[in-house]
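Following: one structure in structure tokens, then a few remarks.
The values are calculated or read from the model by the stated rules, or taken from the named source; none is laboratory data. Bear in mind the structure is a predicted one, so any value in this text is a computation, not a measurement. Neighbour counts run over all protein chains shown; Cβ positions are idealised from the backbone, glycine included.
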2 protein chains.
Amino acid sequence: MHVDLVCVDMIDPKDNQDTSFIHRTTDARPPRNISHYLIGRPLSTADSEDQTISKRVGLAVFASDALSSTAYATQEILVILAAAGAMAFGYVFPISIVIVVLLAIVVISYVQIINAYPEGGGAYIVAYDNLGRFPALVAAAALLTDYILTVSVSVSSGVAQIVSAYPQLFQYRVLIALLCVVFITIINLRGVKEAGAAFAIPSYFFIVIMFITVGTGLFRFLSGSLGSVVDPPEIEHFGETIAGITAFLLLHAFASGTTALTGVEAISNGTTAFKEPRGRNASITLVWMAFILGFLFIGISFLTKEVHAVPSESETVISQLARTVFNGQGLPYLLVILGTTVILILAANTAFAGFPRLSAMLAKDGFMPRQLTYRGSRLVYSYGIIALAAVASILIVIFQASVTRLIPLYAIGVFLSFTLAQSGMTRRWWRAGHLDPSDKTTKHAHNLRYEKGWSFKMLSNGFGAFCTAIVMCIFAVTKFRDGAWVVLIIIPLLVKVFFTIQHHYKDLASHLTLEKFGGLPARKTRHRVILPVSSIHQGALEALRYAKLLSDDVTAIHISIDPEETEKVQKKWKIWGEGTRLVILDSPFRLFIEPLLEYLEGIIDNRQPNETLTIVVPQFLPSKRWHKALHMRTAEVLRQELLSKHGVVVTDVPYRA
Amino acid sequence: MHVDLVCVDMIDPKDNQDTSFIHRTTDARPPRNISHYLIGRPLSTADSEDQTISKRVGLAVFASDALSSTAYATQEILVILAAAGAMAFGYVFPISIVIVVLLAIVVISYVQIINAYPEGGGAYIVAYDNLGRFPALVAAAALLTDYILTVSVSVSSGVAQIVSAYPQLFQYRVLIALLCVVFITIINLRGVKEAGAAFAIPSYFFIVIMFITVGTGLFRFLSGSLGSVVDPPEIEHFGETIAGITAFLLLHAFASGTTALTGVEAISNGTTAFKEPRGRNASITLVWMAFILGFLFIGISFLTKEVHAVPSESETVISQLARTVFNGQGLPYLLVILGTTVILILAANTAFAGFPRLSAMLAKDGFMPRQLTYRGSRLVYSYGIIALAAVASILIVIFQASVTRLIPLYAIGVFLSFTLAQSGMTRRWWRAGHLDPSDKTTKHAHNLRYEKGWSFKMLSNGFGAFCTAIVMCIFAVTKFRDGAWVVLIIIPLLVKVFFTIQHHYKDLASHLTLEKFGGLPARKTRHRVILPVSSIHQGALEALRYAKLLSDDVTAIHISIDPEETEKVQKKWKIWGEGTRLVILDSPFRLFIEPLLEYLEGIIDNRQPNETLTIVVPQFLPSKRWHKALHMRTAEVLRQELLSKHGVVVTDVPYRA
């Protein structure tokens, strides 16, 4: 083991010259334990490059959330239109077209974001760079909240599908949902590459089966053989009475349909997961995803209208569509249902790709605990993954895996982040447009330079921001009483937490900085040692020996609660105390820490400026955890209590059984 | 503040002569906080004498458990007799007489115990002294278990009475029971004297009202005006079929009735609570209690037979008796029911007097955590009181305050301790009988000397032990399936725990003892200091300064995870490192603790025998608890990891924001 060699080097006195540096590589590896089998052998930091993903895998990782929304977006529109009766269902197709236009605007905007900020970060970075810190943190809080909800909602809805097929599993739904979360967590802890590989098959399976469904449906429509839904479920009126087709109704239906957009922001947050050239690969993947999503959504909406599928709690629109297209519930129908169920659960995986990266970015900027920037043995942000899984699991337990109760919390955050991201881009185009066109150097931190057509880009992003803002407001208003208010509390709360954490780190850094630091005050020459002893045994003598090694000025102190014990201490000290002064403090109220503190504070207040004080505590160190319950933790308490005293060090000299 | 004066004394160099002792009294008092209002001003150890109770108060404190059993013991007998039909009820009176004879034997035995062991401890001390350590611990485990159950059962049964009067409270029964426990706990934390004063009124109220009831009943019986129960509840047959009156049935009924004896052991455990002369006061109180208990029990059983009260789930025997004696449910009847309810809850108070004292005794002998010997600000064993309340509350929650589910666990422990206490006394009389009658000096630890009539005393205690052993067996067999098996697991488990704890303390003491200790090895002269640094700031420099104060041989070590950070560290160290050697260890697997440990272990393995190693860790000390989440606890982890290394001290030099 070469570390031994290092030690030998070091005690070599010729090495002891002016500020010597010894630079070695440790061969310490993570201990071999169960996690090896669960998440694989540890990866060296040098393997980072290798832990990036191709466009094909990237699509599987980042698109599952967006694509899974094709499973319910059309239905969401119909549910709202149902308030105006069945004849309003015809609007589903034009509304879908408008949504796809909005999708295009949002996607174009994110492609621009990725190109401008290829180091990732999406709405947070864009808002930070163009709008300022506060909007950036709002966007981050909104996204983090939504990622957590994505996990809870998508797993719960997948489990709901399973449970509706096997009702006897209903009582185990929370357990099944939690197991799904654990499964996805472990796969993600194995690293982004392995997660991509594991989840690529089901994701592509869903894409293929949906393309076949929509393709077959269109073919049968064109050939005239596409009929209507046989035995459609009863239409449920979600409103109280049948209302007219108002502008507000259409707007509301449009807003509900925009849930199809959730998830498109994920790639922009996870750019760093892609192989180089990152920006290019990520934006190509995003465009692919947008085309697949747009085609499937339009196709499903069109066919839904043609086969006269209806919104119902008892059968999904996808199910009605599939059995109409495939003439009954044969194998193709079953494959569609299976693919839909799996993609709903896998949507959670997108959040696992986005959340840890975003929180690591926030942690790096000091807004979240620094530990979140730590990459685990498989080079993923393990703490972030585990934090996401934990919070999402808690939500699943609290809401008992009920989609109905979770869904109102969902999607507001995403649209808030869309709005902020696009507002940021709008501002950016405005700035770019006012730069000197002849100046080829880039201004500002992030490659800002004059671009032609800036005004058109600015308008399109501005329009996108406007639309997504409207959608967000509609969500907030219509879902407010069902739980959306929780989100409207949590987001500002999170922002407050970000600021508080950053304040702490900044405060600490400004106290500790070496800039403009004049050096420490004159070297302290006097070292005084206080040794509290409760009984005299080998452990106490060891501590005394150590105290004497530190300084010649040692005072022992004994707090007397029981006079008999004190007499014993005094007798033994005469023999073993090596002539050290012993102060005995009678404690009439049987207190131990308080008199000791009072005594120490007296000394601290009277000490000279060049004096350092060390309190050496003989401390039993339990080798078994339960032994802790059998002993006092004096050193720990003293350390906590003397926290605010400068130049006081509490040392425990351990003794063991 | 005179502690300052002590400090001034101490830095006076003339004081620094051969082993000087300075003896002062601290004026540190417990901090003034909410507990002042809850449990009263702190008491000095010197007040101990004042915190003892008179016979009158002692009766209220210690008798409530035993007296409360008159509220159900007669009914317990009838329940068993019911299996043989109503004509068997006549046996209730003779059986009660036999039980009172057993009570007399047990009480006489405990009076002898108190006189022999006036420092308290009951069955535990008697068994320890006469039978050995193992039986003593069995007795202690049995008693502790039963004290806990006493609290759960008595509070639950009191609450059950309240709930049967106000059924709308049923859903809150657990909460009400827990509030009762909290209330009794707080009163007991106020000190034994205040608890006695608070609970004397309801205890005496119960005694008086029961005497009036029994007295009125007897008077009406003698004057011939006592009728039968009007409208008696339906007799419930608790067995399956009506059986004959067998010897076993009578024995079973007898055993059930002996629950009247539970609680008589309490005074023997709590002798120390009494004013001097303790032994005399305690035994007089015990005799009083026995007479009251015996009279009430006999009286109730007699009247029960005369008025033809029947066992029933819907109305207690006491209720039937009271409304017959007082001709209906007027005020006197209500007072009886009220008194019974209150005394059932107050029975818990006896356990609060017994449990903490017994556990303090066990802790003093090293069988339970030492902290249990600590007397809180009101001179009671606060940890014991809180532990009892906590465990009893957990039981109440688990069993949902159901008396039916708790009662099978109850009383076995008490009879086990009765048996062991009386066996111990039997052995003691045997020993006393074989001493030399002319030798007036006392042998053995506890005043053992020849006594006349030892053989009769031995026989009576032996018979008592035999009877209580039989009762215990009957309990264990008949209640086995209803839950008594739990107790039969818990008692041995507790004994095992006692031994494990004692083993730890003994082991530690034998490692640390100064007897036959040859002194520490030669004074260590070389002191080497290792300083791990992760970034260079004022906190790290402060730690460097401290490290240099300790020794000239300081090595700093930096674990490199991020090359950029490492470069910064290196640059800053050149400026601020005061020429100290810096070892940089690259950690390719992004580990921090493991490479550091590997390095330290290399040094530890190679160090010379006269060398002490101190690891000085610059450690952020959070002033707010949540700050902990934002920082690593390196020092703590290192300390835990280097636990088994001798002569290694981990010191954290704190820095703060």
Which of the residues belonging to the range A:558-579 are farther than 13 Å from A:Ser535 by Cβ and more than 7 Å from chain B (Cβ to nearest Cβ)?
-> A:Pro563, A:Ile575, A:Glu578
Of the residues in the range B:240-285, those that are under 22 Å from B:Thr74 (Cα atoms), among the aliphatic types (A, V, I, L, M) and in contact with a Phe, Trp or Tyr (Cβ under 8 Å, 6 or more places away or on another chain) come to B:Ile245, B:Leu250, B:Ala253, B:Ala255, B:Ala260, B:Leu261, B:Val264, B:Ala266
Residue hits (the range B:277-317; at pLDDT below 90 and either part of a helix (DSSP H, G or I) or among the acidic types (Asp, Glu) (or both)) are B:Arg278, B:Gly279, B:Glu313, B:Glu315, B:Val317
Pairs under 6 Å by beta carbon, first residue without any contact (Cβ under 8 Å) to a residue 24 or more places away in the chain and closer than 9 Å to B:Val61 by Cα in the range B:189-208, partner basic (Lys, Arg) and in a loop (DSSP other than H, G, I, E, B), six or more apart or different chains?
-> none
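Kindly provide the set of residues from the range A:387-415 that are of a type in the set (Val, Ile, Thr) and touching a helix residue (DSSP H, G or I) at 6+ places or on another chain (Cβ under 8 Å), ordered by number. Give the steps one after another, and end with the answer.
Keep residues of the range A:387-415 that are of a type in the set (Val, Ile, Thr), which gives A:391, A:394, A:396-398, A:403-404, A:407, A:412, A:414.
Of everything in the range A:387-415, those that are of a type in the set (Val, Ile, Thr) and touching a helix residue (DSSP H, G or I) at 6+ places or on another chain (Cβ under 8 Å) turn out to be A:Val391, A:Ile396, A:Val397, A:Val403, A:Ile407, A:Ile412, A:Val414.
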May I ask you to list the residues in the range B:502-516 that are at the interface with chain A (Cβ under 7 Å from one of its Cβ atoms) and over 16 Å from A:Trp626 (Cβ atoms)?
-> B:His511, B:Leu512, B:Thr513, B:Leu514
Can you find even one residue in the range A:537-557 that is surrounded by fewer than 18 Cβ atoms within 10 Å (Cβ to Cβ) and over 27 Å from B:Leu550 (Cβ atoms)?
-> no
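Quick test for you: out of A:Ile125, A:Ile95, pick the one residue that is under 23 Å from A:Glu451 (Cβ atoms) and of a type in the set (Val, Ile, Thr).
On the way: A:Ile95 fails: under 23 Å from A:Glu451 (Cβ atoms).
The match here is A:Ile125.
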Which ones in the range A:256-279 are of a type outside the set (Ser, Thr, Tyr) and in contact with a Pro (Cβ under 7 Å, 6 or more places away or on another chain)?
-> A:Arg278, A:Gly279
Neighbours by Cβ (under 6 Å, 6+ apart or cross-chain): first from the range B:158-180, within 24 Å of B:Val317 (Cα to Cα); second among the aromatic types (Phe, Trp, Tyr) = B:Val163/B:Phe170
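For every residue, the table says whether it meets (1) among the charged types (D, E, K, R); (2) at pLDDT 90 or above; (3) buried (at least 19 other Cβ atoms within 10 Å of the Cβ).
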site: A:Tyr128; (1), (2), (3): no, yes, yes
site: A:Phe134; (1), (2), (3): no, yes, no
site: A:Val138; (1), (2), (3): no, yes, yes
site: A:Ala141; (1), (2), (3): no, yes, yes
site: A:Asp146; (1), (2), (3): yes, yes, yes
site: A:Val151; (1), (2), (3): no, yes, yes
site: A:Val155; (1), (2), (3): no, yes, yes
site: A:Gln161; (1), (2), (3): no, no, yes
site: A:Ser164; (1), (2), (3): no, no, no
Evaluate the range B:298-318: report whether one residue or more is under 30 Å from B:Val138 (Cβ atoms) and either of a type in the set (A, V, I, L, M, F, W, C) or in contact with a helix residue (DSSP H, G or I) (Cβ under 9 Å, 6 or more places away or on another chain) (or both).
-> no
Breaking point among (1) under 18 Å from B:Ala543 (Cβ atoms); (2) modelled with pLDDT of 80 or more; (3) out of contact with any His (no Cβ under 9 Å at 6 or more places or on another chain), for B:Asn606 | (1)
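Here's the yes/no breakdown for (1) under 30 Å from A:Leu43 (Cα atoms); (2) in contact with a His (Cβ under 9 Å, 6 or more places away or on another chain); (3) assigned to a helix (DSSP H, G or I):
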position	(1), (2), (3)
A:Ala360	yes, no, yes
A:Val391	yes, no, yes
A:Gln400	no, no, no
A:Val414	no, no, yes
A:Arg428	no, yes, yes
Select from the range B:299-331 the residues that are surrounded by fewer than 18 Cβ atoms within 10 Å (Cβ to Cβ) and closer than 19 Å to B:Ser68 by Cα and list them in ascending order.
-> B:Glu313
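Looking only at the range A:381-404, filter to residues that are small (Gly, Ala, Ser) and surrounded by 18 or more Cβ atoms within 10 Å (Cβ to Cβ); which one of those is modelled with the lowest pLDDT? Outline the logic, then answer.
Within the range A:381-404, the subset small (Gly, Ala, Ser) is A:382, A:384, A:387, A:389-390, A:392-393, A:401-402.
With surrounded by 18 or more Cβ atoms within 10 Å (Cβ to Cβ) added as a condition, the list becomes A:382, A:384, A:387, A:389, A:392-393, A:401.
Numbers: A:Ser382: 88, A:Gly384: 92, A:Ala387: 94, A:Ala389: 95, A:Ala392: 94, A:Ser393: 94, A:Ala401: 85.
In this case the residue turns out to be A:Ala401.
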Right, A:Ile97: surrounded by fewer than 16 Cβ atoms within 10 Å (Cβ to Cβ), under 29 Å from A:Thr341 (Cβ atoms) and β-branched (Val, Ile, Thr) or not?
-> yes
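When the residues of the range A:620-641 are filtered to those that are within 35 Å of the chain's Cα centre (by Cα) and among the hydrophobic types (A, V, I, L, M, F, W, C), which remaining residue is nearest to the other protein chains (Cβ to nearest Cβ)? Lay out the reasoning, then the answer.
The first filter runs over the range A:620-641 and keeps only residues within 35 Å of the chain's Cα centre (by Cα), leaving A:624-626, A:628, A:636-637, A:639-641.
Subset that is among the hydrophobic types (A, V, I, L, M, F, W, C): A:626, A:637.
Values: A:Trp626: 9, A:Val637: 13 Å.
Result: A:Trp626.
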Do you know which residues across the range B:566-593 are assigned to a helix (DSSP H, G or I) and within 18 Å of B:Thr614 (Cα to Cα)?
-> B:Ile593
From A:Asp50, A:Asp9, A:Asp15, which residue is modelled with pLDDT under 85, surrounded by fewer than 16 Cβ atoms within 10 Å (Cβ to Cβ) and away from chain B (no Cβ under 13 Å)?
-> A:Asp50
Given (1) of a type outside the set (Asp, Glu); (2) facing chain A (nearest Cβ under 9 Å); (3) crowded, with 20+ Cβ neighbours inside 10 Å, number of the condition B:Val529 does not satisfy = (2)
For A:Pro42, which of the numbered conditions (1) away from every other protein chain (no Cβ under 14 Å); (2) at pLDDT 75 or above; (3) more than 18 Å from A:Ile184 (Cβ to Cβ) fails to hold?
-> (1)
Considering only residues of the range A:303-342 that are in contact with a Gly (Cβ under 8 Å, 6 or more places away or on another chain) and of a type in the set (A, V, I, L, M, F, W, C), which is farthest from A:Tyr383 (Cα to Cα)?
-> A:Val307
Has the range A:597-606 got at least one residue that is in a loop (DSSP other than H, G, I, E, B), in contact (Cβ under 8 Å) with a residue 24 or more places away in the chain, under 48 Å from the mean Cα position of the chain (by Cα) and more than 7 Å from chain B (Cβ to nearest Cβ)?
-> no
Check the range B:365-372 and report whether any residue there is out of contact with any Lys or Arg (no Cβ under 8 Å at 6 or more places or on another chain), without any contact (Cβ under 8 Å) to a residue 60 or more places away in the chain and within 14 Å of chain A (Cβ to nearest Cβ).
-> yes
Picking from A:Val583, A:Val653, which residue would you name as being of a type in the set (Val, Ile, Thr), at the interface with another protein chain (Cβ under 9 Å from one of its Cβ atoms) and closer than 25 Å to B:Pro369 by Cα?
-> A:Val653
